[in-house]
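Chemist: First, the structure itself, so that you have it in front of you.
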Amino acid sequence: MWRLDAVRQFNLLSWLREERRSRKLSLFIVFVALLLDNMLLTVVVPIIPSFLYGLDESAEMALKNHTLTQQAPAGAFHSIVSLYDNMVRTAGPNTTVSSTDPPPAPELPQNSSECPQSSSRLLNENVKVGLLFASKATVQLLVNPFIGPLTNRVGYQLPLFAGFCIMFMSTIMFAFSSSYALLFVARSLQGVGSSCSSVAGMGMLASVYTDDEERSHAIGIALGGLAMGVLIGPPFGSVMYEFVGKTAPFLILASLALFDGALQLFVLQPCKVAPESQKGTSLLTLMKDPYILIAAGAICFGNMAIAMMEPTLPIWMMETMCSKKWQLGVAFLPASISYLIGTYIFGILALKMGRWLCALIGITVVGISVICVSFAKNIYGLILPNFGLGFAIGMVDSSMMPMMGYLVDLRHVSVYGSVYAIADVAFCMGFALGPSIGGLMSESIGFPWMMTIIGIVDILYAPLCIFLRNPPAQEEKIAILMDTSCSMKTRSYSTQGTYYQGDNMDPEYEDYD
């Protein structure tokens with residue numbers, strides 16, 4: 001009976017208000033925001049190449065039928081305008097057509113193996129799909145330098161909520177867009193929302209988790225949301241597109257966006273402006289820091305490999321493996337699962353083994369894995385290389401994202417909006433240059449050579465991570481950290497070990513589990 005009374009007395013809104021200052025709830029909100037962003041990022045990977053190919057095929061069929069109608073003798077053919085999809089169809093003199101019958105689905109070009117060949121249209125898809133995928137990261141790249149300083153002025157809550165609103169609009173546009181131009185606008189709009197969500201979310205976590213070890217663990221959990229989005233997106237999109245249609249997966253994502261937005265309204269109160277108490281280091285100064293640039297470069301080159309594969313691997317599979325629609329997304333499943341495992345394991349382990357070493361090994365394994373991808377003869381041959389690729393990228397992200405906050409604490413003012421704007425710029429450069437360059441390279445030199453080149457680039461970049469082994473601190477930072485009269489809990493900044501001084505004087509947040 002007492003359980004029923006407890007249920008009646010439980011008020012969700014009251015509980016949310018009481019837990020508003022909880023770091024765990026803030027972590028959950030960032031987790032869901034990154035999950036939504038990356039599900040929308042990857043759910044289109046198996047859908048867009050096949051959808052655009054179908055649109056081009058339908059347009060070409062309509063054009064051929066229209067030409068035949070104009071050239072045919074009188075009475076031999078007559079044209080019919082379908083009210084179902086506004087396409088012109090032709091029929092013979094003895095053919096009866098019902099206006100209520102759905103039109104036949106466009107068929108892919110057939111050959112003896114029933115597989116699309118390397119035609120000019122198929123190669124052109126590499127460029128179109130690559131530019132479409134790169135538009136999101138390109139816009140995000142342009143917006144990030146403004147979002148970082150903005151969070152220092154208005155706080156993290158308002159930009160995070162703005163990111164939700166823009167993401168919701170983008171998702172709805174994806175659901176109902178039926179042309180390349182509208183899909184391009186939706187993808188670009190997603191870049192603005194993603195910039196707000198990722199920069200504000202990571203900056204908020206860095207500000208509430210001040211302890212370096214706790215921050216590393218929390219960012220690893222938040223990156224788990226990114227990993228789950230990457231994990232669920234491609235197979236979810238391919239299966240839903242195959243058996244339900246293009247609109248359904250995006251409507252489900254829109255519902256998830258509404259849930260996250262409602263949670264932000266009750267918990268974070270984004271209508272309130274909460275600027276940082278101290279002025280952070282300028283974005284330009286942070287960009288001149290060589291150690292921050294090395295960490296950002298590791299993020300960029302680590303993610304560029306998978307970004308180059310997103311638009312080109314499905315088309316290469318269609319050409320060489322005769323893959324079905326659902327297989328185009330399932331091929332990314334091993335990488336997604338291993339990325340989730342990698343971010344969780346190395347969110348804890350990277351600090352103990354040395355973040356520089358974790359990133360160095362990760363980038364090297366990325367290079368080896370992408371070279372091995374091009375040797376696959378069927379979808380089963382992609383399992384091991386993609387698994388290694390996702391696990392290695394998880395090593396890089398889970399070590400370098402906390403490293404960015406660590407470097408700011410060590411060498412600059414501990415305000416995190418701008419430095420995570422740089423981290424997001426690095427991430428976006430990988431996903432902007434990757435699809436656009438990947439599409440062009442795949443068209444000109446072929447998919448296998450493209451994978452070999454990016455693999456060699458990653459392997460050559462890996463040794464630079466050695467410079468992050470023991471980065472020097474500013475003199476005034478060392479003086480503050482070594483002041484034994486300071487009553488706050490401090491941590492020595494060494495990648496090889498940590499120790500505490502003083503007592504914990506920050507009761508504002510609960511202990512992290």
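Chemist: Taking the stretch 375-393, which residues are surrounded by 20 or more Cβ atoms within 10 Å (Cβ to Cβ) and over 18 Å from the mean Cα position of the chain (by Cα)?
Modeler: 376, 382, 385, 388
Chemist: Follow-up question, since we're still on this one. Answer with yes or no whether residue 335 is within 18 Å of the chain's Cα centre (by Cα) and in a helix (DSSP H, G or I).
Modeler: yes
Chemist: Continuing with the same structure: Scan the stretch 311-324 for residues that are part of a helix (DSSP H, G or I) and open to solvent by 10 Å² or more (accessible area, probe 1.4 Å) and jot them down.
Modeler: 316, 318, 319, 320
Chemist: So for the stretch 452-461 (the condition being farther than 21 Å from residue 306 by Cβ, open to solvent by 30 Å² or more (accessible area, probe 1.4 Å) and either modelled with pLDDT of 90 or more or in a helix (DSSP H, G or I) (or both)), does at least one residue qualify?
Modeler: Looking for residues that are farther than 21 Å from residue 306 by Cβ, open to solvent by 30 Å² or more (accessible area, probe 1.4 Å) and either modelled with pLDDT of 90 or more or in a helix (DSSP H, G or I) (or both), one finds none in the stretch 452-461, hence no.
Chemist: What's the number of the only condition in (1) within 22 Å of residue 148 (Cα to Cα); (2) in a helix (DSSP H, G or I) that residue 281 fails to meet?
Modeler: Result: residue 281 passes all but (2).
Chemist: Among (1) under 18 Å from residue 128 (Cα atoms); (2) outside any loop (DSSP other than H, G, I, E, B), where does residue 173 come up short?
Modeler: (1)
Chemist: Note down all Cβ pairs under 7 Å where the first residue falls in the stretch 141-170 and is without any contact (Cβ under 8 Å) to a residue 60 or more places away in the chain, the second is assigned to a helix (DSSP H, G or I) and polar (S, T, N, Q), and they're at least six residues apart or on different chains.
Modeler: Pairs found: 143/195; 159/151.
Chemist: Of (1) of a type outside the set (Phe, Trp, Tyr); (2) modelled with pLDDT of 80 or more; (3) under 20 Å from residue 408 (Cβ atoms); (4) open to solvent by 20 Å² or more (accessible area, probe 1.4 Å), residue 258 satisfies all except one. Which?
Modeler: (3)
Chemist: Keeping to the stretch 397-424, report how many residues are modelled with pLDDT under 85, part of a helix (DSSP H, G or I) and polar (S, T, N, Q).
Modeler: 1
Chemist: Can you pull out every residue in the stretch 440-451 that is buried (at least 17 other Cβ atoms within 10 Å of the Cβ) and more than 11 Å from residue 374 (Cα to Cα)?
Modeler: Correct list: 441, 442, 443.
Chemist: Return the residues of the stretch 152-187 that are surrounded by fewer than 18 Cβ atoms within 10 Å (Cβ to Cβ), of a type in the set (D, E, K, R) and under 18 Å from residue 253 (Cβ atoms); say none if nothing qualifies.
Modeler: Answer for the stretch 152-187, where residues must be surrounded by fewer than 18 Cβ atoms within 10 Å (Cβ to Cβ), of a type in the set (D, E, K, R) and under 18 Å from residue 253 (Cβ atoms): there is none.
Chemist: Return yes when residue 414 is buried (at least 24 other Cβ atoms within 10 Å of the Cβ) and out of contact with any strand residue (DSSP E or B) (no Cβ under 6 Å at 6 or more places or on another chain) and no when it is not.
Modeler: No: the conditions fail for residue 414.
Chemist: Name the residues in the stretch 361-386 that are farther than 19 Å from residue 347 by Cβ, part of a helix (DSSP H, G or I) and not β-branched (Val, Ile, Thr), would you?
Modeler: Residues satisfying the conditions are 367, 369, 372, 380, 381, 382, 384, 385, 386.
Chemist: May I pose another question? Please specify each residue of the stretch 208-221 satisfying the condition of being part of a helix (DSSP H, G or I) and open to solvent by less than 40 Å² (accessible area, probe 1.4 Å).
Modeler: 208, 212, 215, 216, 218, 219, 220
Chemist: Is at least one residue of the stretch 121-133 closer than 24 Å to residue 201 by Cα, under 18 Å from the mean Cα position of the chain (by Cα) and at pLDDT 65 or above?
Modeler: yes
Chemist: In this structure, is residue 408 in contact (Cβ under 8 Å) with a residue 12 or more places away in the chain, among the β-branched types (Val, Ile, Thr) and either open to solvent by 10 Å² or more (accessible area, probe 1.4 Å) or in contact with a Gly (Cβ under 6 Å, 6 or more places away or on another chain) (or both)?
Modeler: So residue 408 fails the test.
The values are calculated or read from the model by the stated rules, or taken from the named source; none is laboratory data. For clarity, every value in this text was computed on a predicted model and none was experimentally measured. Neighbour counts are summed over all protein chains in view; Cβ atoms, including those assigned to glycine, are modelled from backbone coordinates with ideal geometry. Keep in mind that these areas ignore ligands, DNA and RNA; they rest on the heavy atoms of the full protein, side chains included. Shrake-Rupley method; radii C 1.70, N 1.55, O 1.52, S 1.80 Å.
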